[in-house]
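Report on the structure given below.
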Amino acid sequence: MTAVPLLEIRNLTVEFATRRGAVQAVKSIDVSVAKGETVAIVGESGSGKSVTSYAVVRILDRAGRVAEGTISFSGVDLVAADEAQMRDLRGREISMIFQNPRAALNPIRKVGKQIEDVLLQHVQATRATAKEKAVEALTKVKIARPEERYDAYPFELSGGMCQRVVIALALACQPQLLIADEPTTGLDVTTQKAVMDLIVELTRERGMSTILITHDLGLAAAYCDKVVVMEKGKVVETALASEIFRNPQHPYTRRLMQATPRLGTSLADLLLDAPQTVPAEARTAVTEPKPAAEAGPLMQVENLVKEYPRAATGALLAKLMGKAEPEKPAFRAVDGISFSIARGETLGLVGESGCGKSTTSMMVTRLIDPSGGKIIFDGTDIGAIPAKQFAASPHRRRIQMVFQDPTDSLNPRFTAERAIADPIMRMGAVKGRDALRARCEDLARLVGLPVELIDRFPHQLSGGQKARVGIARAIALDPDLVILDEPTAALDVSVQAVVLNLLEELKGRLGMSYLFVSHDLNVVRLLCDRVIVMKTGSIVEEGTAEEVLGDPKAEYTRELLTAIPHPLL
Amino acid sequence: MNDMAKVEPAPAQAIPAEPAPTLRFEAPPSTSLWAHARHIVAENPVTGLAFGLFALILLAAIFGPSIVPYDPLASNTNAALQAPSRAHWFGTDQLGRDIFSRVVAATRLDFSIAIFSVALVFLMGGLAGVMAGFYGGWIDKVVGRVADTIMAFPLFVLAMGIVAALGNSVGNIVLATAIINFPLYARVARAEANVRRDAGFVQAARLSGNSDWRLLLTQIVPNIMPIMAVQMSLTMGYAILNAAGLSFIGLGVRPPTPEWGIMVAEGASFIVSGEWWIAFFPGLALMIAVFCFNLLGDGVRDLVDPQRRN
Amino acid sequence: MLRMIGQRLMTTIPSVIGVIIVTFLLTRVLPGDTAAYFAGPAASPQAIIEIRSKLGLDQPLPVQFVSYVTALVKGDLGTSLTTGQPVTADLAARLPASAELTLAGLLLAMAVALPLGILAAVKQGSWIDHLCRVVATAGVSLPVFFTGLLLVYVFYFLLGWSPAPLGRLDVFASEPPRVTGLLLIDTLLARDFETFRGAFAQLILPAVTLAIFSLAPITRMTRASMLAVLGADFVRTARASGLTNRKVIGTYAFRNAMLPVVTTLGMVFSFLLGANVLVEKVFAWPGVGSYAVEALIASDYAPIQGFVLTMAILYVALNLMIDVLYGVIDPRVRLEG
């Protein structure tokens, strides 16, 4: 590493003008990136990590401005540089890649043309050579059949493929610095690994420096030399990646690290000081634990199938032109799966997007009807009861769900109390306003939601508080089975740690069983007794959590496991 | 970037520890709505202006005919075609009728046409759209087909055809205006109901044992109402324009009834000879009314958006 | 591409069927004696009965529908009582006048609205943005017949810059040989520049009236969609790759922003075809709109029915063109069909 850094951020403060006056999103931070170095900026939402990168390339939106400090890039002061100078640097010297690759590409321009635009702008190609160079750029990011892909529009490519195009775009002019802003968020874990490996390979090959902006400490540690931790606009710690896990200095880093699920940790380890998730006064059992387990599994799913008919586009025209296409077979989202959930057990259902896990959970919850198979719940085939009529079934209150997005799952016009009270009012035995209120308060205490918050509307609550409301609603009627559909996917890692602990504790106290649906193997490892791995509608592996995650039998499970970035290797 | 301030959860002690003896369900107390309305008006004076104008129009519609200085129908050939003066603020028309009195008295009719047609289409279109969006299937197909068929016509031309066929009356103007707005309401309501049908909170309410009807009434409809309210105040302006346009070409309202559209039509032939006031003042009244409703739509949008209520 | 046009063509069929059914229902099923309408206000009871059997109104509804459609296919829309001519011939003779006016209004509106909307979005918060907002709000609030009258008063009566609002051409000017029916084009083809100037002068005020009316929705939509696109991720990518402002706005933002604007054009046409009727009445423009208004006053029903049907079919055709245009811009529609 050279003595003079490629990029040096000193005392940088970024302000945003808001209706309530200026808000500092970034407060006097120092970051430096040496030539060839890979630096991670890690933080949770609102930490100012993305704003920092926008300030470097000077693409802050209208309301934002650099209030103080300097950013120098190989001797050029980026704060003082004029717009023409900046334009020359962007794309040629400093490139960026963004989250959500599909949206990052112009939807109505051929991807090859978009790469050409950048090449021509920075005079890296002439009109005559542009196409050739663009194809070359696509080849470098290992896109199969690059000549064909040159003519593709973004909507014709998969998410991972789009991210490769974005990388090709960013590296087309051989820049010295690449800023990757959450480049793999929203991608499946195997795609994430492929994309990250590609970025690292290409940047190493060219001796480039990289800034990786991420919320994922594991990812940062696995791929970067240096880690900068940000909290609420401030840099709280800067250290070598190899150091930071062994010996984190700042309490926030410690808390963040602790909260990140990884190999060899237990659920309780996620919380640094292990604060009681349930306040002491609520610990007197609100609900009596259920009587000891009866014989037989709680739920038995047999040969479950869900088919969707394929959309018939242009069928009418085809028929009229006498070119009727052969009828396409229905799409099988879930292709004959069988599993069982024992009483008091947590079963993990794991797979990447599109594997059918959500469809399965919706069928088990009886929100949609299966196309075939049985769902036997406590001796009754509830799969035979149409979803429309299930609301009136006595089994309804026994199967509940915690949804993925805590915001979306709360009616914006209901207070937290009204949301929690809804199932009780419909199906519960509690009568009278005072009793209902008391029950809601009890439930709020049980899930660790401050009672004074239950008169608030969802938009007045934080993400973690909304998640607690959703959990309180799900357990309000003392269900036997709760389906947890990625309950922490939308939460920051420190909130996730608290919620996971809460769920585990509630399960023990209320004697419930969980079906835990997730894409995150590390989380599954912590919470589940047994695990099912799904791929394209079928189960590829099943077993205890230790077996499946410790010694996977199926090739696909192994692939999933190796794709997880492991910081402590 | 104002989200930044919003995401910070307020500390718990910031809210007074209210004993809250009763359940507070749906809306926050009305005082906060008023406070919010005051905030909106203070922030955007144009919205305040719109609400003020609306109050004025409402007053004119209710009391107009009884407070005007002259009988809007009484002609006085001695005072025909007089320019605006102290006696006749807006001048007189070819029959010597006082234009100010006629313009004020016409408010009631124009306003009623707009209100009734909007209420009618809100019931028809809103209901059809919500059902189509929530249930899908054949209801959706039928509602969509009806809306598409209406949309296949240039709307004002269809309104002309309807009034011409059904007969020349104010009631038919109301009906025609409602019909041509049907697709707009049905589509908005359908789209809103459709996205919410599978929203997490509706699914959660299903799990809480709510029947479909109760889902519609407690989860879907209350969340659609704000958008429909905005829609209604925006279409009020269009409804008035449409009704005035129809009477301008001689449909619906008949002379000598005071109505803005027909008054402009009566004054049209005098424009080329310079008697501008006959057409100008009713036209101006019409314009102000439409302008007011359009601004009101934006104001209502700000007012009902729960995200903006902090 | 052809496949897409074919598919769009198929989707217009239900619309056309719907239009025909609705116009049929409006004439035959709804209350009121159709025969009396068709016979006109002065007809004797005997004449009404004659007309009833002549029109086939004593037949059962399905039979009436079949004969209605048969007549339509032959281009028979009945005969106007006022002019004594077949309605089809009347409409055909007057359609170019309306088309010239509507097109002129639309082109004028787009020429002003597109740059205004784009500039307002690019320079958000500047004076041009405020101007844009005023135009958008005031434009939709102006009753089109009122705007027309105001313009006549100012530019004809007060300033004397415009000719009298009495039709397409001065009474003393001679019409050029009819080629397209659009006077501006026909006069140029005939190299009759004097008449061209006259026709142009007559056209300005009504066209401006229509333009002011349709300005608002186009401006509003252009500004809104341009703003949305400028905030989109791919524009950020383009900026972060160092593309010039011109390239970013011209190539990346503009074409994407045009998609919702093109969709809005459908609504604008709906407004324009309606507003046309009012503007033609104000300016005594000899188009199909004033033809329909005259028929309304005379309770001459066949022309009104023919007018509504023609406008609807025309509008369906315009929407088809808009759909195709959309497909040309957006590969997602073109390729997925």
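The values are calculated or read from the model by the stated rules, or taken from the named source; none is laboratory data. Since the model is a prediction, treat every value here as computed from it, not as a measurement. Cβ: placed from backbone, ideal geometry, glycine included. Neighbour counts: every protein chain shown.
A few points about this structure:
- Condition met for B:Val41 (farther than 30 Å from A:Arg418 by Cβ, under 20 Å from the mean Cα position of the chain (by Cα), of a type outside the set (D, E, K, R) and at pLDDT below 75): no
- When region A:97-124 is filtered for residues that are more than 7 Å from every other protein chain (Cβ to nearest Cβ), buried (at least 18 other Cβ atoms within 10 Å of the Cβ) and of a type in the set (Val, Ile, Thr), the ones remaining, listed by number, are A:Ile97, A:Val111, A:Ile115.
- Test: A:Gln163 is among the polar types (S, T, N, Q) and buried (at least 20 other Cβ atoms within 10 Å of the Cβ): yes
- Taking region C:244-337 and the helices (runs of 4 or more DSSP H) fully enclosed by it, the elements with 1 or more residues that are in contact (Cβ under 8 Å) with a residue 40 or more places away in the chain and within 11 Å of chain B (Cβ to nearest Cβ) are at C:254-282, C:288-297, C:301-329.
- Those residues of region A:43-61 which are within 20 Å of A:Gln85 (Cα to Cα), more than 7 Å from every other protein chain (Cβ to nearest Cβ) and not aromatic (Phe, Trp, Tyr), in sequence order: A:Thr52, A:Ser53, A:Ala55, A:Val56, A:Arg58, A:Leu60, A:Asp61
- Considering residues of region B:213-229 that are more than 16 Å from A:Arg426 (Cβ to Cβ) and without any contact (Cβ under 8 Å) to a residue 40 or more places away in the chain only, the residue farthest from the other protein chains (Cβ to nearest Cβ): B:Ile227
- Residue count, region C:219-243 (criterion: under 19 Å from A:Met86 (Cβ atoms) and free of Cβ contacts under 8 Å to residues at least 12 places away in the same chain): 7
- Residue in region B:109-122 that is under 30 Å from C:Ala292 (Cα atoms) and part of a loop (DSSP other than H, G, I, E, B) present: no
- C:Gly289 being modelled with pLDDT of 90 or more and of a type outside the set (A, V, I, L, M, F, W, C): yes
- Of the residues making up region A:78-98, those that are touching a strand residue (DSSP E or B) at 6+ places or on another chain (Cβ under 6 Å) and either within 25 Å of A:Tyr150 (Cβ to Cβ) or not in a loop (DSSP other than H, G, I, E, B) (or both) are A:Ile94, A:Ser95, A:Met96, A:Ile97, A:Phe98.
- In region C:136-168, the qualifying residues are those that are surrounded by 21 or more Cβ atoms within 10 Å (Cβ to Cβ), of a type outside the set (S, T, N, Q) and touching a Ser or Thr at 6+ places or on another chain (Cβ under 8 Å), and the one that is farthest from B:Trp277 (Cα to Cα) is C:Ala136.
- When the residues of region A:369-384 are filtered to those that are under 18 Å from B:Gly209 (Cα atoms) and crowded, with 18+ Cβ neighbours inside 10 Å, the one that is farthest from the other protein chains (Cβ to nearest Cβ) is A:Gly383.
- Test result for A:Thr562, modelled with pLDDT under 90, surrounded by fewer than 20 Cβ atoms within 10 Å (Cβ to Cβ) and under 24 Å from A:Gly186 (Cα atoms): yes
- Restricting attention to region A:414-425, the residues being in contact (Cβ under 8 Å) with a residue 12 or more places away in the chain, facing chain B (nearest Cβ under 9 Å) and not hydroxyl-bearing (Ser, Thr, Tyr) number 7.
- Residues of region A:260-291 classified as farther than 30 Å from A:Asp480 by Cβ and modelled with pLDDT of 75 or more, total: 1
- For region A:111-164, the set of residues classified as more than 26 Å from the chain's Cα centre (by Cα) and of a type in the set (Asp, Glu) consists of A:Glu116, A:Asp117, A:Glu132, A:Glu136, A:Glu147, A:Glu148, A:Asp151, listed by residue number.
- Criterion: over 27 Å from A:Leu549 (Cβ atoms), acidic (Asp, Glu) and away from every other protein chain (no Cβ under 12 Å) - qualifying residue of A:Asp480, A:Asp434, A:Asp442: A:Asp442
- Taking the listed residues A:Val495, A:Val499, the one that is among the β-branched types (Val, Ile, Thr) and either surrounded by 23 or more Cβ atoms within 10 Å (Cβ to Cβ) or touching a residue at least 40 places away in the same chain (Cβ under 8 Å) (or both) is A:Val499, with no other qualifying.
- B:Ala147 fulfils the conditions (1) free of Cβ contacts under 8 Å to residues at least 40 places away in the same chain; (2) surrounded by fewer than 22 Cβ atoms within 10 Å (Cβ to Cβ); (3) among the small types (Gly, Ala, Ser) except for a single criterion, (1).
Each row is one residue, and each column tells you yes or no for (1) in contact with a Leu (Cβ under 6 Å, 6 or more places away or on another chain); (2) among the polar types (S, T, N, Q); (3) within 12 Å of another protein chain (Cβ to nearest Cβ).
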{"position": "A:Lys27", "(1), (2), (3)": "no, no, no"}
{"position": "A:Ile41", "(1), (2), (3)": "no, no, no"}
{"position": "A:Thr70", "(1), (2), (3)": "no, yes, no"}
{"position": "A:Glu83", "(1), (2), (3)": "no, no, yes"}
{"position": "A:Leu89", "(1), (2), (3)": "no, no, yes"}
{"position": "A:Ser95", "(1), (2), (3)": "yes, yes, yes"}
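- Counting only helices (runs of 4 or more DSSP H) that sit completely within region B:152-252, those holding 1 or more residues that are closer than 17 Å to B:Val290 by Cβ correspond to B:155-166, B:170-197, B:221-248.
- Subset of region B:130-169 (residues that are closer than 27 Å to B:Pro226 by Cβ and within 11 Å of another protein chain (Cβ to nearest Cβ)): B:Tyr135, B:Gly144, B:Val146, B:Ala147, B:Asp148, B:Ile150, B:Met151, B:Leu155
- Residue in region B:67-75 that is in a helix (DSSP H, G or I), among the hydrophobic types (A, V, I, L, M, F, W, C), over 30 Å from B:Ala176 (Cα atoms) and modelled with pLDDT of 80 or more present: yes
- Yes/no for A:Val39 being of a type in the set (A, V, I, L, M, F, W, C), under 25 Å from the mean Cα position of the chain (by Cα), under 24 Å from A:Arg204 (Cβ atoms) and surrounded by 18 or more Cβ atoms within 10 Å (Cβ to Cβ): yes
- Total residues in region A:448-475, condition more than 8 Å from chain B (Cβ to nearest Cβ) and touching a residue at least 60 places away in the same chain (Cβ under 8 Å): 6
- Scanning region A:151-199 for residues that are touching a helix residue (DSSP H, G or I) at 6+ places or on another chain (Cβ under 8 Å), of a type in the set (Ser, Thr, Tyr) and within 14 Å of chain C (Cβ to nearest Cβ) yields a total of 1.
- Restricting C:Ala111, C:Ala99, C:Ala121 to those that are crowded, with 18+ Cβ neighbours inside 10 Å and of a type in the set (A, V, I, L, M) reduces the list to C:Ala121.
- Any hit, region B:279-292, residues being within 19 Å of B:Phe122 (Cα to Cα) and either at the interface with another protein chain (Cβ under 9 Å from one of its Cβ atoms) or crowded, with 20+ Cβ neighbours inside 10 Å (or both): yes
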